[in-house]
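Each remark here refers to the structure printed beneath this line.
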Amino acid sequence: MFELHWPLLLLALPLPLLLRRLLPPQPAPRRAALLAPTLVRQLGQQSSATSARANLTAGALLWLCWLLVVVAAAQPRWLGEPTSLPTEGRDLLLAVDISGSMEQEDMRFNGRQVNRLLAVKAVVGDFVAERRGDRLGLVLFGERAYLQSPLTFDRATLQQLLEEAQIGFAGNGTAIGEAIGLGIKRLRERPASQRVMILLTDGANTSGELDPLRAAELAARAGVKIHTIGIGSDSAERESILGFIRPRSGSDLDETTLTAIADTTGGRYFRARDLGELVAVYRELNRIEEIEQQGERIRPHISLSYLLLALAALLLGGLQLLRLRGAEHG
């Protein structure tokens, strides 16, 4: 799409005509020469015809140059398609438990029993896809905590890294305190109002040197808000592959500690006993950690003024050459 940024400048196009009417005409130059009368008449006829053509050409070139200069001053631009800029929303760090206990199949997904981690991947993947404008990071923790993805706008890559996470990669323990400590290191340099961590686990802290409650106190001092999610069924039975009901290993979920972590840092604790509750948890997180800024839309543009000015300069150069040739023949 083509537009003029300052179209009112086109009103200056008739300015040379106005100046010609208002200013007194310049006297024609005289040439002092002694020529024979016959030669004078012949040269006068030839020079008048040549001069008329030269004046007509020069006038047309001058008007064209003036037109190009005025249009260039009006800032002609070629506009591209509207583009949305990334919005600066929250800095969300997702901490996901991949310890051995996440292998328990007490979640129902698409009509079949699946382990906890598979359910988390499905729900958290949708959550990540909806967080446009947020910088998201991913911490995976088991016996140790590892930064799988730093804070980034690249949601597709983060989803891929989450999908590739496997149970037991970080050991079979559960280092909740270390996961929080790693999150603090990554979030403390960010603006205070945007430091948010979402920690999901199905157990209690069994590994690591940093106590979870101590880590929560450090997070509160650093201005990091932590929402905690406890995942896992309360039922003492589970369905086997052949459809039989068999006892489930007891749940080690430490809800007291997870609640204390959330309360200390100004977050909330959520309990997800099945896939439906897990979906509801992340829907609620989407609501309470709403992206406040609206995405700014811009239209990229290419200025055409330089091309018009370059063309005007070329025409003026050509006009100067014509005048020099005319002077030589005169």
| said: What pairs come out if I take residues in the range 166-191 that are in the same structural domain as V120 (by the TED database) and under 16 Å from R221 (Cα atoms) and pair them with residues that are in a helix (DSSP H, G or I) and open to solvent by less than 50 Å² (accessible area, probe 1.4 Å) whose C-beta lies under 6 Å away, six or more apart or interchain? | reply: G177/P212; G177/A215; I180/A215; I180/A219; G181/A215; I184/A219
| Quick check: anything in the range 175-192 small (G, A, S), touching a Ser or Thr at 6+ places or on another chain (Cβ under 8 Å) and open to solvent by less than 30 Å² (accessible area, probe 1.4 Å)? | yes
| query | Any residue in the range 212-222 that is part of a strand (DSSP E or B) and open to solvent by less than 70 Å² (accessible area, probe 1.4 Å)? | reply | no
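Regarding the range 119-128, can at least one residue be identified that is out of contact with any Asp or Glu (no Cβ under 8 Å at 6 or more places or on another chain) and closer than 30 Å to E3 by Cβ? Talk me through it step by step, then tell me what you get.
Initially, the range 119-128 is screened for residues out of contact with any Asp or Glu (no Cβ under 8 Å at 6 or more places or on another chain), giving 119-120, 122-124, 126-128.
Add one more test, that the residue is closer than 30 Å to E3 by Cβ, and what stays is none.
Among the residues of the range 119-128, not one is out of contact with any Asp or Glu (no Cβ under 8 Å at 6 or more places or on another chain) and closer than 30 Å to E3 by Cβ, which makes the answer no.
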| query | Among the residues of the range 226-242, is any within 17 Å of V139 (Cβ to Cβ) and open to solvent by 20 Å² or more (accessible area, probe 1.4 Å)? | reply | no
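Yes/no matrix, rows are residues, columns are (1) of a type in the set (K, R); (2) modelled with pLDDT of 75 or more; (3) open to solvent by 60 Å² or more (accessible area, probe 1.4 Å):
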position: D274; (1), (2), (3): no, yes, yes
position: L278; (1), (2), (3): no, yes, no
position: E289; (1), (2), (3): no, yes, no
position: E296; (1), (2), (3): no, no, yes
position: S303; (1), (2), (3): no, yes, no
position: A312; (1), (2), (3): no, yes, no
position: G317; (1), (2), (3): no, yes, no
position: L321; (1), (2), (3): no, yes, yes
position: A327; (1), (2), (3): no, no, yes
| field | Residues located in the range 192-205, provided they are among the hydroxyl-bearing types (S, T, Y) and modelled with pLDDT of 90 or more | value | T201
| task | Evaluate the range 247-256: report whether one residue or more is modelled with pLDDT of 90 or more and open to solvent by 60 Å² or more (accessible area, probe 1.4 Å). | result | yes
| request: Please work out which residue is farthest from A272 (Cα to Cα), limiting yourself to the range 79-107 and to residues that are open to solvent by 10 Å² or more (accessible area, probe 1.4 Å) and at pLDDT 80 or above. | output: G100
| query | Inside the range 193-211, can you point out the residues that are open to solvent by 30 Å² or more (accessible area, probe 1.4 Å) and not in a strand (DSSP E or B)? | reply | S193, N205, T206, G208, E209, L210, D211
| said: Which pairs turn up if I take residues in the range 261-280 that are in the same structural domain as L200 (by the TED database) and look for partners that are polar (S, T, N, Q) with beta carbon separation below 7 Å, at least 6 apart in sequence or on another chain? | reply: I261/T228; A262/T228; G267/T228; Y269/T228; Y269/T259; R273/S233; D274/S233
| query | Just for strands (runs of 3 or more DSSP E) wholly inside the range 87-189: which have at least 1 residues that are closer than 23 Å to T259 by Cβ? | reply | 91-97, 107-109, 135-141, 145-152
| Here are some conditions: (1) free of Cβ contacts under 8 Å to residues at least 60 places away in the same chain; (2) surrounded by fewer than 17 Cβ atoms within 10 Å (Cβ to Cβ); (3) of a type in the set (D, E, K, R). R135 meets all but one. Which one does it not meet? | (2)
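The values are calculated or read from the model by the stated rules, or taken from the named source; none is laboratory data. Computed from a predicted model, the values in this text were never measured in an experiment. We place every Cβ from the backbone using ideal geometry, glycine too, and count neighbours over all the protein chains shown. To get the accessible areas, we keep the full protein, side chains included, count just its heavy atoms, and leave off ligands, DNA and RNA. Shrake-Rupley method; radii C 1.70, N 1.55, O 1.52, S 1.80 Å.
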